[in-house]
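Chemist: The structure under discussion is supplied below as structure tokens; questions concerning it will follow.
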Ligand code: GDP
Ligand code: MG
């Protein structure tokens, strides 16, 4: 099995940490400059049963100018070609207009979107469900996986979920 997964989410939700943890070493190509490229390979994860290429998709956030609009369109084109999308959110942050904007664009791609609720280590166990419901009550997801990229919690479940779509 092999395929492509786009990793999307607002800054600071933990995308880089997740990729670095998955790959097991700090080799992921990370730039905090948004909208510099159409898409970048973050890393290629090779496992006995699967090879997954993780892609970064800058430009999916709200455009502020004409070039930005172009970038959003380019990002959406890329997204239609991936096997699945990891939409990463921070469990300690409220869902805001940034999330709504991205989620509407993601729904339009018709690709399976997996809600990855990161920073599980920072919340109480009983807080997880209401946080997840904020998203699942408004948008449809192919799967939901709570994780801690930093503490390496539940990453095997995330990969199992990802492999379903390859
Ligand atoms: P990105 O902008 O989405 O790539 O986010 P980063 O991976 O750079 O992470 C932003 C900050 O959140 C950093 O200080 C990380 O150490 C922290 N962080 C990322 N994942 C976790 C997590 O699972 N738990 C905790 N406590 N902190 C995290
Ligand atoms: Mg980053």
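The values are calculated or read from the model by the stated rules, or taken from the named source; none is laboratory data. Remember, it's a predicted structure, so these values are computed and weren't measured experimentally. As a convention, Cβ positions derive from the backbone with ideal geometry for all residues, glycine included, and neighbour counts pool all protein chains shown.
Chemist: Hey, does segment 8-17 have a residue that's surrounded by fewer than 13 Cβ atoms within 10 Å (Cβ to Cβ), within 15 Å of ligand 1 (Cβ to nearest atom) and at pLDDT 65 or above? Show your work before the answer.
Modeler: First, the residues of segment 8-17 that are surrounded by fewer than 13 Cβ atoms within 10 Å (Cβ to Cβ): 11-12.
Next, only the ones that are within 15 Å of ligand 1 (Cβ to nearest atom) stay: 11-12.
Filter again for at pLDDT 65 or above, leaving 11-12.
Yes, that holds for at least one residue.
Chemist: Also, quick follow-up: When you scan segment 50-166 for strands (runs of 3 or more DSSP E) that lie fully inside it, which ones turn up with 2 or more residues that are in contact (Cβ under 8 Å) with a residue 60 or more places away in the chain and within 15 Å of the chain's Cα centre (by Cα)?
Modeler: 84-90, 113-118
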